[in-house]
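Colleague: One structure follows; several queries about it will come next.
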Amino acid sequence: MKRFLAGALALMFTAVVAPGGAGADDDYPSRQITLIAGFPAGSGADVYARFFAKKLEEKLNQTVIVENKPGGLGSLSVVALKNAKPDGYTMLIGSADQFTAAPHVFKAPPYDPLTDFDYIAPVFSQAFMMLVSAKSPYKHISELTAAMKEKGDKASYATPNFPATILAEMYKANAGGLETLQVRYKTSADSLNDFASGSIDYMVGDPVFGLARSRDGTLRILAVSTAKRISSVPDIPTFQEEGVPNVDVRIWWVLAAPKGTPKPILEKMHKVMTEVTTSDEARKFVGTNGGEPMTLDSPQATLDYATMDVKRWEDWAKIGKIEKQ
């Protein structure tokens, strides 16, 4: 009888204290959660991070703060996540390419995107946009393409990041082999003076920048980079519709945690994040900036999608002729 009681007590104790066991995470979260973000405070991407932090805070009834860690093409924030304690109180929200592009843009990647992290849930997806000056005569991709062929290597385009470079190279290859020259900028906004002077013919930019500049009358949007039109901006055609085949570039945001985060926490955060992203308020917010809510069934499904994305970035890096840094 004593032996039976001792065994029963041992089992009860194990169930209470074992990682992920019943009762271990029932009160989660019991304190402040930090969301790491790999971009500067006040940037367009930071606005996204803070919006979703606020929505998570409301759902969880707990403080959620954003800690900005820009630099290293987003890698500094991901390294910080990798080194964080896997207790569910430090996560990262941001573009998934900070993880999945790493093997293809770094000579010595500081982390493995598939083994160093626990992926929780997607947040939303976005297309990129083909932009020209609002003062230019181009209303369609076909008009731009004809002009760029005539200008040859005297034509130039702006790109601020890897996805933009990839889309630009896809356009050049599928529009008949253009010879336009790439001009790289640190941010999209840095290209505006050159647009105004006429030294840049076109640009590939993110939808937050593209829509803002379209609304203020600075730039004109010719096409979106996805295979199908974006539901939040249905009037903008795709490259395919504009006569340029084989163009389909979409980035996605993800919520991720350090490897070893207890499964019940991952599952709870997946449920809460999905509820947030599919809310009417989130749909409106993301849609205003040219995005669409994105959901997957589980943390495992999110990891599976990230695995696919690593392979996709291998192909994209070749298309974009990206040199490892």
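We did not get these values from a lab; they are worked out from the coordinates using the rules stated. As the structure is a computational prediction, the values presented were derived from the model and not from experiment. Counting neighbours? That spans all protein chains shown, and the Cβs are built from the backbone with ideal geometry, glycine included.
Colleague: Based only on other Cβ atoms within 10 Å, what is the fewest-to-most ordering of Val64, Val204, Val47?
Modeller: Numbers: Val64 21, Val204 28, Val47 14.
Fewest-to-most Cβ neighbours within 10 Å comes out as Val47, Val64, Val204.
Colleague: While we're looking at this one, here's another question. Using Cα atoms only, what is the angle between the long axis of helix 299-319 and the major principal axis of the chain, expressed in degrees (0 to 90) to the nearest 10?
Modeller: Long axis of 299-319 versus the principal axis of the chain: about 30 degrees.
Colleague: Next question, about the same structure. I want to make sure I understand the PRE zone here: with the label point 7 angstrom from the Cα of Leu114 toward its beta carbon, which residues in the range 287-325 have backbone N atoms less than 20 Å away?
Modeller: 296-319
Colleague: For the range 129-224, how big is the tail of P(r) above 24 Å, as a whole percent of Cα pairs?
Modeller: Values: 393 of 4560 pairs.
That tail contains 9 percent of the Cα-Cα pairs.
Colleague: Using θ = phi - 60° and the Karplus curve 6.51 cos²θ - 1.76 cosθ + 1.60, what whole-Hz ³J(HN,Hα) does each residue of the range 78-87 get, with Gly and Pro shown as x?
Modeller: Running phi through 6.51 cos²θ - 1.76 cosθ + 1.60 with θ = phi - 60° gives 6, 4, 4, 5, 4, 8, 6, 5, x, 10 Hz.
Colleague: What residues have an amide H closer than 5 Å to that of Ala134, excluding those fewer than 5 places away on the same chain, when H is modeled at 1.01 Å from N in the peptide plane?
Modeller: Leu219, Arg220
Colleague: Moving on to the next point. Taking 0.36 nm per intervening residue step and subtracting the Cα-Cα distance, what contour gain separates Ser279 from Lys85 on full extension? List each step's numbers first, then the result.
Modeller: Numbers: separation 194, 0.36 × 194 = 69.84 nm, distance 3.01 nm.
Additional length available on full extension: 66.8 nm.
Colleague: Can you compute the FRET efficiency between Lys321 and Lys154 using 1/(1 + (r/R0)^6), with r the Cβ-Cβ distance and R0 = 35 Å? Round to the nearest 0.05. Working shown, then result.
Modeller: On the way: r = 20 Å, r/R0 = 0.58.
It comes out at approximately 0.95.
Colleague: I've got another one for you. Based on the Cα gyration tensor of the range 227-325, what are the three equivalent ellipsoid semi-axes, each the root of five times an eigenvalue, rounded to whole Å and given largest first?
Modeller: Numbers: eigenvalues 156, 97, 20 Å².
Values for the range 227-325, descending: 28, 22, 10 Å.
Colleague: If you don't mind, there's one more thing I want to ask. Using amide H atoms built in the peptide plane, which far-off residues or other-chain residues are under 5 Å from Leu255 H to H?
Modeller: Amide H neighbours of Leu255, under 5 Å, 5+ apart: Ile120, Ala121, Val123.
Colleague: Let me ask something else about it. With θ taken as phi - 60° and the coefficients 6.51, -1.76 and 1.60, list the Karplus ³J(HN,Hα) couplings across the range 50-63 in order, rounded to whole Hz; mark glycine and proline as x.
Modeller: In residue order, the calculated couplings are 6, 4, 6, 4, 5, 5, 5, 4, 5, 6, 8, 6, 8, 5 Hz.
Colleague: Please arrange Lys82, Lys259 by how many other C-beta atoms lie within 10 Å of their C-beta, fewest to most.
Modeller: On the way: Lys82 18, Lys259 14.
Fewest-to-most Cβ neighbours within 10 Å comes out as Lys259, Lys82.
Colleague: Determine ³J(HN,Hα), in whole Hz, for all residues of the range 30-43 in sequence, where each value follows from phi through the Karplus function 6.51 cos²θ - 1.76 cosθ + 1.60 and θ = phi - 60°; x replaces Gly and Pro.
Modeller: Once θ is set to phi - 60°, the couplings for the range 30-43 become 9, 7, 4, 10, 10, 9, 6, 10, x, 8, x, 4, x, 6 Hz.
Colleague: In addition: Put one equal scatterer on each alpha carbon of the range 35-171, apply the Debye formula with no solvent term, and list log10 I(q)/I(0) at q = 0.09, 0.14, 0.15 1/Å to two decimals.
Modeller: After summing over all Cα pairs, the log10 values are -0.39, -0.78, -0.85.
Colleague: Taking other Cβ within 10 Å of each residue's Cβ, how do Asp201, Asp248 sort, fewest first? Before the final figure, lay out the partial values.
Modeller: On the way: Asp201 23, Asp248 15.
Sorted ascending by nearby Cβ count, the order is Asp248, Asp201.
Colleague: If you don't mind, there's one more thing I want to ask. What is the calculated FRET efficiency for Gln182 to Thr295, with r their C-beta to C-beta distance and R₀ = 30 Å, to the nearest 0.05?
Modeller: Details: r = 35 Å, r/R0 = 1.17.
For R0 = 30 Å, the calculated efficiency reads 0.30.
Colleague: Counting each DSSP H run of 4 or more residues in the chain as -39500 (n - 2.57), what helix-only mean residue ellipticity at 222 nm follows after dividing by all residues, to the nearest 500 deg cm²/dmol? Each step should come with its number before you reach the end.
Modeller: Numbers: 12 runs with 133 residues, N = 325.
Helices in the chain give a 222 nm mean residue ellipticity of -12500 deg cm²/dmol.
Colleague: May I ask for the net charge around Val276, where only other residues with Cβ less than 14 Å from the Cβ of Val276 are counted and Lys, Arg are +1 while Asp, Glu are -1? Display every interim value, and only then the final one.
Modeller: On the way: positive: Arg50, Lys54, Lys55, Lys59, Lys268, Lys271, Arg283, Lys284; negative: Glu57, Glu58, Glu275, Asp280, Glu281.
Charge balance near Val276 sits at +3.
Colleague: Lysine pairs in the range 129-224 with alpha-carbon atoms under 17 Å apart, 8 or more places apart or on different chains: how many are there? Please list the in-between numbers first.
Modeller: Details: Lys139/Lys149; Lys149/Lys172; Lys151/Lys172; Lys154/Lys172.
Number of lysine pairs found: 4.
Colleague: Shifting gears a bit: In terms of modelled amide H atoms, which long-range or inter-chain residues lie less than 5 Å from the amide H of Ile33?
Modeller: Counting only residues 5 or more places away or on other chains, the set is Thr63, Val64, Ile65.
Colleague: Moving on. For the Cα atoms of the chain, what angle does the longest principal axis make with the long axis of helix 141-151, in degrees from 0 to 90, nearest 10?
Modeller: Compared with the principal axis, the helix lies near 60 degrees.
Colleague: Using DSSP, restrict attention to beta bridges with both residues in the range 129-224 and report what percent are antiparallel, rounded to the nearest 5. Show your work: numbers first, answer last.
Modeller: Details: 8 of 14 bridges.
Once the DSSP bridges in the range 129-224 are tallied, antiparallel ones form about 55 percent.
Colleague: Only one of the listed values, (1) 5, 16, 19, 18, 10, 8, 8, 7, 5, 2, 1; (2) 6, 25, 31, 21, 10, 4, 2, 1, 0, 0; (3) 5, 22, 26, 21, 14, 9, 3, 0, was derived from the coordinates as P(r) over Cα pairs in 10 Å bins from 0, in percent; which label is it?
Modeller: (2)
Colleague: Looking only at the range 42-76, which residues have a backbone nitrogen under 17 Å from a spot 7 Å from the Cα of Asp27 in the C-beta direction?
Modeller: Under 17 Å, as judged by backbone N against the label point of Asp27, lie 61-63 of the range 42-76.
Colleague: A further question follows. Looking only at the chain, where both bridge partners belong to it, what percent of the DSSP beta bridges are antiparallel (to the nearest 5)? Mind showing how you got there, number by number?
Modeller: Values: 23 of 38 bridges.
For the chain, the DSSP antiparallel bridge percentage is about 60.
Colleague: Could you tell me how many degrees, from 0 to 90 and to the nearest 10, lie between the Cα long axis of helix 162-174 and the main elongation axis, the longest principal axis, of the Cα atoms of the chain?
Modeller: That works out to roughly 40 degrees.
Colleague: Let me ask something else about it. Set the Förster radius R0 to 30 Å, insert the Cβ-Cβ distance between Asn193 and Asp304 as r into 1/(1 + (r/R0)^6), and round the FRET efficiency to 0.05.
Modeller: Values: r = 44 Å, r/R0 = 1.46.
About 0.10, to the nearest 0.05.
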